[in-house]
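Every number in this text was worked out from the coordinates using simple rules, so none of it is lab data. No experiment lies behind these values; they were computed from the predicted model shown. Cβ placement follows ideal geometry from the backbone for every residue including glycine, while neighbour counts extend to all protein chains displayed.
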Amino acid sequence: MASGFEGKVFLVTGGASGIGKATAFKFAREGAGVVIADVSREGGRQTVQEISQMGGKASFIPTDVTKADEVEALVSRVKEVYGRLDFALNNAGIGHPSSLTHEIPEEIWEQVISVNLKGVWLCMKYELPQMMEQGYGAIVNMSSIGGLIGGPGLAAYGASKGGINQLTKVTALEYAKFGIRVNAVCPSITMTPLFEEAARNYPEAFKDMIDHQPLRRPAKPEEMANAVFWLCSDESSYVNGVCLPVDGGFTVA
């Protein structure tokens, strides 16, 4: 356990699986108390159980990040139980089936923007006042290389992730004077349950995507967790407003 994180509190949305779960494990191993928020009650509780079994400290709060009252209650509960909020990963997000821009159903557009972009904004809306009260904090927003480069067929997803990047930059500038750093991580293909399902359902397309990766492999969720952890640590104390590609070199290829 790293003494620098003993007694610290880490909040992760979308912590029931994938990158969120891997990051929850990373912070728990380093001694932080972990609060997991997710719409999946079963997955959230399972993550807490697994962290507890390895000797870590974790709790689960069911939360829909598109609903302001639930997000407000989440952060209030964190303050009530722990008295502080040191780090937050706003990770909850969804994708959508590949479609030409004019063929995306309005309800799909609204759902993706609501979960991915509005959800991140709502989380920061309630996380930031607590961190301002403390005079410190670090927030990481989960974006994507889809917010940095174009991805045909993914207009709603790309728009949501591009929005997260701009929201991250603006917020970083606004709250630096309060001792709060705000950054984003932009993964490429990562073997989360979502991509594992895609690999099973579309093996040829998945192989083609991997063939275009400079490292010729997908990322592991733990590799994204390491990036989030670094952005929250004192080792990145002068890093602020950065949208960090963790993509094996994909965006520069």
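Projected onto its three principal axes, the C-alpha set of the range 1-137 covers 52, 33, 21 Å, listed from the longest axis down.
What shape does the range 171-239 take by its C-alpha gyration tensor, where a ≥ b ≥ c are the square roots of the eigenvalues and a/c under 1.5 counts as rounded, a/b above b/c as prolate, and the rest as oblate?
Taking the square roots of the gyration eigenvalues as a ≥ b ≥ c, the range 171-239 is prolate.
Shown here for the range 3-46: trypsin sites (Lys or Arg not before Pro) in loop regions (DSSP other than H, G, I, E, B) with at most 12 other Cβ atoms within 10 Å, of which there are none. Other residues within the sphere of radius under 15 Å centred on the Cβ of D234, judged by their own Cβ, net out at -2 (K and R +1, D and E -1).
Find the all-direction average of the projected area of the Cα convex hull for the range 20-98, expressing the result in square nanometres with one decimal place.
Result: 5.8 nm².
By the Cα gyration tensor, the range 66-124 has an equivalent ellipsoid whose semi-axes, rounded to whole angstrom, run 31, 11, 7 from largest to smallest.
Sorted from longest to shortest, the spans of the Cα atoms of the range 82-155 along the three principal axes equal 47, 24, 16 Å. Amide H to amide H under 5 Å from T190: which residues, 5+ apart in sequence or cross-chain, H placed 1.01 Å off N in plane? Placed amide hydrogens put A219 under 5 Å from T190. Between the helical axis of 41-53 and the longest alpha-carbon principal axis of the chain there is an angle of about 60 degrees. Ellipticity at 222 nm from helices only: DSSP H runs of n ≥ 4 in the chain, each -39500 (n - 2.57), divided by the residue count, give -14000 deg cm²/dmol. Enter the angle in degrees (range 0 to 90, nearest 10) between the Cα long axis of helix 18-29 and the first principal axis of the Cα atoms of the chain, meaning the one along which they spread out most. Around 30 degrees separate the two axes. Sorted on the mean count of surrounding Cβ atoms within 10 Å across their residues, most packed first, peptides 34-40, 159-165, 220-226 read 34-40, 159-165, 220-226. Taking only the C-alpha atoms of the chain, the Rg (one decimal) and the largest Cα-Cα distance, Dmax (whole number), read 17.3, 52 Å.
Amide H to amide H, with H built 1.01 Å from N, K8 comes under 5 Å of G33, counting only residues 5 or more places away or on other chains.
Amide H to amide H, with H built 1.01 Å from N, L244 comes under 5 Å of A184, V185, C186, counting only residues 5 or more places away or on other chains.
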